[in-house]
Structures are given as C-alpha cells and as structure tokens.
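The values are calculated or read from the model by the stated rules, or taken from the named source; none is laboratory data. Treat the numbers as computed from the prediction; the structure is a model and nothing was measured. Heads up, the Cβs are rebuilt from the backbone with ideal geometry, glycines too, and the neighbour counts pull from every protein chain shown.
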Amino acid sequence: MREEKKDVESESKCPQDKIIYDEVRGEYICTETGEVIEDKVVDQGPEWRAFTPEERDKRARSGSPLSPTIHDSGIATMIDWRDRDASGKKLEFQRRLEVMRMRKWQIRTRIQDSIDRNITQAATELERITEQLGLPKNIKEEAAAIYRRAVEKGVVRGRAVESVVAAALYAACRIYKIPRTLDEIVEYTKAPKKDVARCFRLLVRELGLKIPVSGAADYVPRIVSALGLGGKIEAKAIEILEEARKKGVTAGKDPAGLAAAAVYIAAQLHGERKTQKDIAQVIGVTEVTVRNRYKEITQYLNIQVPEEE
C-alpha cells in the first residue's frame, strides 16, 4: 500500500476530502487550489506493470487466495512437475530426479494428522457433489467451512464422511437460500437420506448454525429458468404465493410443491402451455403434488385458469 495521507491537514489548509494522489507524478495534490501537498511519495506497490488480467496473474508472486476447501487453506507451497528452472532452461536428468523426489515427499508431508486426512477426503467428495449439482463457489466454500468446524469440534467422529459432507452442503444451500432439496443432494451421494438428515440436525445443534426457513418463492426462479419462461411469469408466481401466504394456504405445505403450482398457474394465465408433469419434473416433486397445490391455491384465491389442453 502507498503511504497514507498523514499529517496533510497540519501541512496544508486544503480540506482532507479534496486531496488526491497523482500516480504518474507521485504527488498529493489539492483539487481546489492545485497545491502540491507532498511530492516524491514512495510507491509501495509492485515494480512491474500489467495491462490485462492475464498479465497480472502471470506476473503476480503472491500465490492463489486462501480457500477453506483445502485442508491447509492453500498456504503450503507446491512443487511443480515442470522440468525447467525459473529462467526456462531445461533441467538436467539428475536434477529432474531430485525434483521428483522432493515433490513426492512434499505431498506425503503435507497431510500430517487425522484431521488433515479427514478434511482432504471430504474436500474430494464435496468437489464431486457441487460439480454435479452445478453449485457456485461460495456454496462450496461455506460447506467446507462448516465441515472444518465440525471436524475441529469432534462432531464427525464415528460418522460417515459422505453423510456429514452432504449435510454441510445442504446447510450451506439453506444459508444462502439456494433452492436445493435434501433429496437432490442425497441423489449424488452414497449416504442414505436418513443419515444425512440426522447429520444435518446434528450440525445445526452442535455448531449453532442459523438456518433460514426456505420459502416457496425461493424455488420460483429456478423453475422459471429451467422451463425457459419469462420474467412476467416469475413475478406473477411470486405474487400468487404471497397472496396464498396471507390467506394461510401455504402453512404446512412443501415449498417446492407450492412453487411448482404457482408457476403452473402463472404460465396458464399468460398463455404459456406448460403441463403439470413438465413443472413437476423440474423441481423434483410428483405430478399429484402439483395438482393438489394447484387446486387449493385456485380455490382459496378464486383464480380462474384456462383449462389445460
């Protein structure tokens, strides 16, 4: 970081908010009077310049950012497999053997205790599930942080890694309000749904996780996007769900089924011919559930929907 604008008020009568830094000249200048407050400021930044993100990544020497998905948070140094030195010159055969030997032992010594081994195994499982579900990076990092806390507190002991990883991932989705049901996550893991649900309740209790309640409106954007419907249908479906909530229709009902029924009603009102079966398959509920929620919403809200052809 560059030297801060310290003692500027004592050196000049120019207001603090009117002082800017000229990177080209290395000077602090007052924008009102043009007075040079301080010159010959030492730039503490890098000695190189970059004009594109690729050049910046190539020339930076700070390494990759810390990540909770790695057992050591990415702090450790990795020895590359390249057979060339820093100047690009090819290594001799004997030197290559030494580098390979150092890399082998470096990999072996990175994981030093049972906690590191456990987190490494969980990270592999977490990477696989998030990749298949298409979840963003922040969900994966949140799930990894939850799992790490569980390991450090001893909650994982005696339980299958797959079950705890799936439970942590489900908790992360709930925290960030990503519409993923427990059935969807269990589908991509070998752990039974009962074990994952039990581990989820254990994580919430032992780690004190604040899990927000998933509303039916959280599932609407996902259904609309999967079916290729427009924003008007999404807004109408959310409006229908809000009216149904005020009348107490949504109490005790599965939010995914309510969202599917609301999208179906909104699509019919806007002339989009989507069947109940199409919507049910997208969200992972049965067609009977969509039909029942559809009848309840239209009856209590007195909505006249055109008949499905």
Considering segment 179-195 alone, what residues qualify as being over 19 Å from Ala122 (Cα atoms) and either without any contact (Cβ under 8 Å) to a residue 12 or more places away in the chain or in a loop (DSSP other than H, G, I, E, B) (or both)? Pro179, Arg180, Thr181, Lys194
Exactly one of Arg245, Arg180, Arg201, Arg222 is of a type outside the set (S, T, N, Q) and surrounded by fewer than 14 Cβ atoms within 10 Å (Cβ to Cβ), and that residue is Arg201
With the structure loaded, tell me whether Thr189 is surrounded by 15 or more Cβ atoms within 10 Å (Cβ to Cβ), over 18 Å from the mean Cα position of the chain (by Cα), of a type in the set (Ser, Thr, Tyr) and within 18 Å of Gly284 (Cβ to Cβ) or whether it fails that test. yes
Among the residues of segment 122-159, which ones are outside any helix (DSSP H, G or I) and within 24 Å of Arg205 (Cα to Cα)? Gly154, Val155, Val156, Arg157, Gly158, Arg159
Out of segment 199-225, which residues are aliphatic (A, V, I, L, M) and assigned to a helix (DSSP H, G or I)? Leu202, Leu203, Val204, Leu207, Ala216, Ala217, Val220, Ile223, Val224
I'm trying to understand the selection: among the residues of segment 216-260, which are within 20 Å of Thr275 (Cβ to Cβ) and among the acidic types (Asp, Glu)? Glu234, Asp254
Filter segment 70-122 for residues that are under 29 Å from Gly158 (Cβ atoms) and of a type in the set (Asp, Glu); the one that is modelled with the highest pLDDT is Asp116
